[in-house]
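One structure is given here, and the rest of the page talks about it.
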Amino acid sequence: MEDEVTVPPLPESVQCPVCSKGFKPSKINAHLDRCLKDDDDRCPSTMDEGRPPLKKPRVTTASPPPVPVSTANGTPTRGLRGTSSTVFSLFQNKKHNVSVQGERSPPFSEKQQQQPPASSSSAVSRGVKRTAPGDIEPGQTDPDPTMLPSPPSSQLTLVKTSTEAVPSRTFLTTDKPLAETLRPKTLEEYFGQNKVVGEHTLLRSLLESQDIPSLILWGPPGCGKTTLAHIIASKSKQKGTVRFVKLSATSASTSDVREVIKQAQNELRLFKRRTIMFIDEIHRFNKSQQDTFLPHVECGTVTLIGATTENPSFQVNSALLSRCRVLVLEKLSVEAMGAILQRAVVSLGVHVLGDGEQAEDLEEPPDDGAQPQVYIEQRALDTVAHLCDGDARAGLNGLQMALQARVAGAPPGRAGAPPGRVVVQEKHVKEGLQRSHILYDKAGEEHFNCISALHKSMRGSHENASLYWLARMLEGGEDPLYVARRLVRFASEDVGLADPLALPQAVSAYQACHFIGMPECEVILAQCTVYLARAPKSVEVYKAYSNVKASLRTHKGPLPSVPLHLRNASTKLMKELGYAKGYKYNPAFSSPAEQEYLPEELRGVDFFTWTPSE
């Protein structure tokens, strides 16, 4: 007689591996689909979407008591879904794993002391049945949150409220710069670059069609290059067909770039997903590093967006420039800076005082705790908008420093008394904006722009403009000897024979600057600049010499030889060959002797009036 095969009965409940709740076998599949979807929605998004979320290791210790999770308005939620993600989350990033594991995993010695009894461990191995909204089986009731046990204080730190519940002014107490906290997320929040991303512009239409070409963003610091790149990436990722990778040329190497390009090739081949690579400070890459992008930008493997403060014509390879479109971002205007600062004070909950208004005359705002009410004068905001010189980063961070200093220096209120008032005035923001607001780079584009403006202003005999550009260079940190050398050149090139004393004047100014240096030599350079601007101008020597050079460069065939009568006969053989024969010694004549000094091919040419032929 054959042995009977016995089929083990199905378990009464099956434990969910995500939330550790028990369900009937017929309902576990439907619950898993819903539970995994909800947990995936709670997973924090990352900048690089190319990597799958990491899986959190299973906790083997006893489960902590349930923790009620409160919403932003203080109402406790029903169930324990907020706690399940911190205990058995399958979709958490690496950073979250480290922080939660550090809170939940005690040292080895503590684990030995906190071992649960055998009955408790067996209960954990079988799984504790928990209840959550939407997962209540028939016949069960939703547990009352007020009857749940109170969690330990160490576990309360794991429950975070929403950002809406956090007072906006707490951003003043963080170490994160205000410019990074308030970075615009959309084009509607992006101010000051209407010529590039305004309505009916090429880039705006490309953003709407989500077909972004390779770009080089060129502009001064703080004008919004990095922010625009992030907005482009956010717009392009809406359909899920684009991933965004950010690198900085100051820290990335060629191997890092090649690794990103290799990942981009795999993404495009396997998932049909393009890659936008943002390279900050791309001018820091040398020629060989920039050549790494050429074939991949050419074939469309990556869409390159480079940001630079230097002129791309000088700092970016011409081959890479031909594959990219250069967008010139201008310095932010005072109006744009005012809009950015107004948005900042509104986000921080700071009240703006108009002209003539006093904080004491305003209606008392609602009491929000022990924090004082912060006010800022409109004149102070206008001062920041003017002094930051179009640099939004410097303006926002300077405003943050002024607000932090005033709030930290406010006297504490008495017990039971309403919070005091803090007023930020113009003098406070000037202290918070401790920087020179003159944009100048001794080795960059602004260096050549200012020296060209100085030269042209002196040539036009405009002494006020000449002094302005001189002061702008010196106050920006320019080497005074460089300016003095340019003045020496100007004295001969543009003044020339119209005032022969201009050249000694410029040479003396150079020597004086070399003797005493800055800042005492400022007035010496100013004197020489005004003298050259007021002096009569003559470029006949400069033009004549330029014509001679053009004649030599455009001459066809071998250059004409020196006439024999102009050659020096220093030996007997030279005399026999006719050297110096027929030369007329001018001092021996009472008037200039008539003889030819030019080669026969150039006789009769006047280089002061001669025009080079094509």
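You will find that of Asn547, Asn586, the residue that is in contact (Cβ under 8 Å) with a residue 60 or more places away in the chain and of a type in the set (S, T, N, Q) is Asn547 and no other. Residues that are surrounded by fewer than 16 Cβ atoms within 10 Å (Cβ to Cβ) number at least 2 in the following strands (runs of 3 or more DSSP E) confined to the stretch 223-334: 325-328. Just one residue in the set Lys584, Lys549, Lys556 is open to solvent by 50 Å² or more (accessible area, probe 1.4 Å), more than 30 Å from Leu467 (Cβ to Cβ) and at pLDDT below 85; that residue is Lys556. Identification of helices (runs of 4 or more DSSP H) wholly contained in the stretch 441-554 with 2 or more residues that are within 38 Å of the chain's Cα centre (by Cα) and farther than 30 Å from Pro312 by Cβ yields 463-475, 480-490, 522-534. Restricted to the stretch 566-581, and to residues there that are open to solvent by 100 Å² or more (accessible area, probe 1.4 Å) and outside any helix (DSSP H, G or I), the residue that is nearest to Glu596 (Cα to Cα) is Lys581.
The values are calculated or read from the model by the stated rules, or taken from the named source; none is laboratory data. Given the structure is predicted, the values throughout are model-derived calculations rather than measurements. Virtual Cβ from ideal backbone geometry, glycine too; neighbours counted across all protein chains shown. Just so you know, the surface numbers come from the protein's heavy atoms only, side chains and all, with ligands and any DNA or RNA stripped out. Shrake-Rupley method; radii C 1.70, N 1.55, O 1.52, S 1.80 Å.
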